[in-house]
Amino acid sequence: MMFRRRALTRFPTLLVATLFAAACSDAVSPRALGPGGPSYATAPSSGIVLDQFNSTMATMTGGTSLLQKGFNPVNPHNGATIVATFLWSSTDSTNLITGVRDYLANGTPVGNTYTLVEYVSHGGTSMATYVATNVQNFPDAYDERVTGGDSILAVGADLSAPVVRAGEMITAFDGVQPTFADALGTHRSASGSASTVTPVSPGPIPAGAGALVYAVAMSKPPVGDDPPAGFTNITNISNDSLKADGEYAVQAAADTVNAQWNWYFSTTYPGSWVVSALALNPQGSSPPPSTGDLTVTASTTGSNLDPDGYTVTVDGGTSQAVATNGSVTFTRLPPRSHHEPRA
């Protein structure tokens, strides 16, 4: 298999740190100046497409309790779906984010709802991904290079404790189902430690035709990586301690998708990794079922058959009995890959 081998690029810490507040006029607590701007109509979509993105990774002397980034220089469209992934290093393994909010660079609150989809933590690294669908109330496709002013849309996360090393990725996609419950498909995370070249993946997730699969992986310390085959890079960010890679893929047909990186840990550079992936459904698609049924059929040949039959277990959960030539149905299973039943 061919990989897009990507070497590690290290950036001067001070240069990266200056990007963190570039989107907002107030780097700590944007001031509230009144209600958000007018709502704009959503342009028709011919499928899910990348609209806008931005990112930053910083090392901040003294730490910060607000992670924030703007879509400068160009806002996404009203009606887009924003995926915001926040990354940080901390000895506290709990999610330090107390809330995610959006606002203009001049401090005007916008007021879209950001919902936590995945949080994963391991080895002093944490990553939380939030999603807001059908975002509204900001200047549509505003370009600060043309218009000037400070109406860039920014997304920020408030933390319960300051962090020194942290980053943020914000990505806007057009063509996603406008209702959060209908838009969100399967999602999962994974984590681990390594001292050799290691495949890193959250595990396979099902995605329907036209669906978006969004995935982010992070390592501590920064090491080289091979990104997942079949995905398109959104952004790569790093500082002196962390490195993260964001990728996405739009499915031509319904399939099970596994976003898998190779991370080049070694005995010289051992470390930890975290990874998350989620699927978002396109406009006009039927929402996938929240649960489904799995039927297991036993077919036994030979002599001296066990009259008591077998016991079948799926995903290490509750077992059910099945006759030597019978079947049993497991109901209300989530729509994802399951471990093979074992008798």
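The values are calculated or read from the model by the stated rules, or taken from the named source; none is laboratory data. Treat the numbers as computed from the prediction; the structure is a model and nothing was measured. Counting neighbours? That spans all protein chains shown, and the Cβs are built from the backbone with ideal geometry, glycine included. Surface areas here come from the heavy atoms of the whole protein model, side chains and all, with no ligands, DNA or RNA. Shrake-Rupley method; radii C 1.70, N 1.55, O 1.52, S 1.80 Å.
Kindly check whether there is at least one residue in region 133-149 that is part of a strand (DSSP E or B), in contact (Cβ under 8 Å) with a residue 40 or more places away in the chain, crowded, with 19+ Cβ neighbours inside 10 Å and in contact with a strand residue (DSSP E or B) (Cβ under 7 Å, 6 or more places away or on another chain).
No, the conditions are met nowhere in region 133-149.
Selection of first residues in region 308-321 that are under 11 Å from Val296 (Cα atoms) and open to solvent by less than 60 Å² (accessible area, probe 1.4 Å) and of second residues that are charged (D, E, K, R) and at pLDDT below 75, restricted to Cβ pairs under 7 Å at least 6 apart or on distinct chains, gives the following pairs, ordered by first then second residue: Thr313/Arg342. Would you check if Tyr119 is aromatic (Phe, Trp, Tyr), more than 25 Å from Thr61 (Cβ to Cβ) and either modelled with pLDDT under 95 or surrounded by fewer than 20 Cβ atoms within 10 Å (Cβ to Cβ) (or both)? Here the answer is yes, as Tyr119 does meet what is asked. For region 145-166, filtering for residues that are within 16 Å of Gly107 (Cα to Cα) and at pLDDT 95 or above leaves 8. On inspection, Ala166 passes the criterion of being in contact (Cβ under 8 Å) with a residue 40 or more places away in the chain and within 16 Å of Asn95 (Cβ to Cβ).
Is it the case that some residue within region 98-106 is farther than 26 Å from Thr186 by Cα and in a loop (DSSP other than H, G, I, E, B)? Even if it seems obvious, please write down each step before you answer.
First, the residues of region 98-106 that are farther than 26 Å from Thr186 by Cα: 103-106.
Next, only the ones that are in a loop (DSSP other than H, G, I, E, B) stay: 105-106.
There is at least one residue in region 98-106 that is farther than 26 Å from Thr186 by Cα and in a loop (DSSP other than H, G, I, E, B).
Tell me the residue from Gly208, Gly224 that is in contact with a Lys or Arg (Cβ under 8 Å, 6 or more places away or on another chain) and either in contact (Cβ under 8 Å) with a residue 24 or more places away in the chain or over 30 Å from Asp92 (Cβ atoms) (or both), please. Talk me through it step by step, then tell me what you get.
Values: Gly208 fails: in contact with a Lys or Arg (Cβ under 8 Å, 6 or more places away or on another chain).
Selected residue: Gly224, the only one of Gly208, Gly224 that is in contact with a Lys or Arg (Cβ under 8 Å, 6 or more places away or on another chain) and either in contact (Cβ under 8 Å) with a residue 24 or more places away in the chain or over 30 Å from Asp92 (Cβ atoms) (or both).
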